[in-house]
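The structure under discussion appears below in the form of structure tokens.
Derivation of every value follows stated rules applied to the coordinates shown; laboratory data play no part. Small disclaimer: the values here were computed from a predicted structure and weren't measured. Note that we place each Cβ from the backbone using ideal geometry, even for glycine, and neighbour counts take in every protein chain shown.
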Amino acid sequence: MLKHGILGLLKYHQMTGYEIMTAFRDSLCFFWNAQTSQIYRELQVLETKGWVEKTPVPQQSKPDKNIYSITPEGRRELLYWLSEGELSLPSRNHILMKVFFFGERSREENIRYFEGLKEYCEIFLQSLDAAQKHISEYRAFLDAPEQAVYWEMTVDYGRRNLQGYIDWAQSCIDRLEEMK
């Protein structure tokens, strides 16, 4: 999936590896984490496959930087991936795996866990305000600015998903406190 995320970003605009990492941090991080090393490793794979091209740009007093752009083959791969009809929801959730076995712990420990989860999600939810700001900034890279509506849809999903976790965590806290 990371390769398709990189191809998608390069479809909008040619970028350096650092700019790709920044775009991930500013827009995709709430649903897809990518480390700098993963991005650079994936760029090498994409270049080997002929899906991206690298153009070295000489710099004074610094190492040369590489600017990556998507190739026609890369565009075809991106469109193929986007057209795949497979619908699936994530089938692994480490939170639910833990909660399933929380009967092994004390009620108080579990209440603290759910309070922490709720707090974590509330902080993450607030961070999505910055994502909306970045959407406005990145919209300038689009040939068709209306495409940004899909970015806004992903932020909306993130907000709803986090709010769902917050509501669920509070419900779990309430149930555990009723058991006292």
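Kirkwood Rh over alpha-carbon pairs of the stretch 2-83, then Stokes-Einstein at 4 °C and 1.567 mPa s: what D in µm² s⁻¹, rounded to an integer? Answer, rounded: 100 µm²/s.
Helical content alone sets the calculated 222 nm signal of the chain at -21000 deg cm²/dmol, taking -39,500 (n - 2.57) per DSSP H segment of four or more residues and averaging over every residue. Label sites at ARG92 and LYS54, each approximated as a point 7 angstrom past Cα along Cα to Cβ, lie 2.9 nm apart. Remark: spin-label model distance GLU73-TYR18 equals 2.9 nm, labels positioned 7 Å along the Cα→Cβ axis. With a simple spin-label model that places each label point 7 Å from the Cα along the Cα-to-Cβ direction, the separation between PHE31 and SER106 comes to 4.0 nm.
Take each peptide in 31-39, 166-174, count the other Cβ atoms within 10 Å of every residue, and average; sorted highest first, the result is 166-174, 31-39.
With a cut-off of at most 15 other beta carbons within 10 Å, and DSSP calling the residue loop, which trypsin sites (Lys or Arg not before Pro) in the stretch 76-175 qualify? Please list them. Those that pass, being in a loop and sparsely packed, are ARG92, ARG105. Within the shell defined by Cβ-Cβ distances under 13 Å, the residues around PRO58 carry a net charge of +1, with Lys and Arg each +1 and Asp and Glu each -1. For the set LYS54/LYS133; LYS11/LYS65; LYS49/LYS133; LYS3/LYS98, the pairs lying more than 27 angstrom apart at their alpha carbons are LYS54/LYS133; LYS49/LYS133; LYS3/LYS98.
Taking a Cβ cut-off of under 12 Å around HIS134, the surrounding Lys, Arg, Asp and Glu residues balance to a net charge of -1, with basic ones at +1 and acidic ones at -1.
Applying 1/(1 + (r/R0)^6) with R0 = 45 Å to the Cβ-Cβ distance of GLU84 and GLU115 gives a FRET efficiency near 0.65. If you model the chain as an ellipsoid using its alpha carbon gyration tensor, with each semi-axis the square root of five times an eigenvalue, the axes come out at 39, 17, 17 Å, biggest first. Computed from the Cα positions only, the extents of the stretch 1-50 along the three principal axes stand at 29, 20, 18 Å, in decreasing order. Positive end of the dipole of the chain (Cβ unit charges, origin at the Cα centre): among GLY116, LEU9, MET153, the Cα lying farthest that way belongs to LEU9.
The angle separating the long axis of helix 107-138 from the principal Cα axis of greatest extent in the chain is about 30 degrees.
Charge dipole (Cα centre; +1 on Lys/Arg Cβ, -1 on Asp/Glu Cβ; no other charges) of the stretch 102-180 amounts to roughly 120 debye. Peptide packing: for 79-86, 19-26, 146-153, the average count of neighbouring Cβ atoms within 10 Å per residue gives the ranking 19-26, 146-153, 79-86, highest mean first.
Scanning residues 5 or more positions from ILE67 or on other chains, those with amide H under 5 Å from its amide H are THR55, VAL57, with H placed 1.01 Å from N in the peptide plane. Measure nothing fancy, just the Cα-based angle from helix 148-178's long axis to the longest principal axis of the chain, in degrees from 0 to 90, nearest 10. Long axis of 148-178 versus the principal axis of the chain: about 20 degrees.
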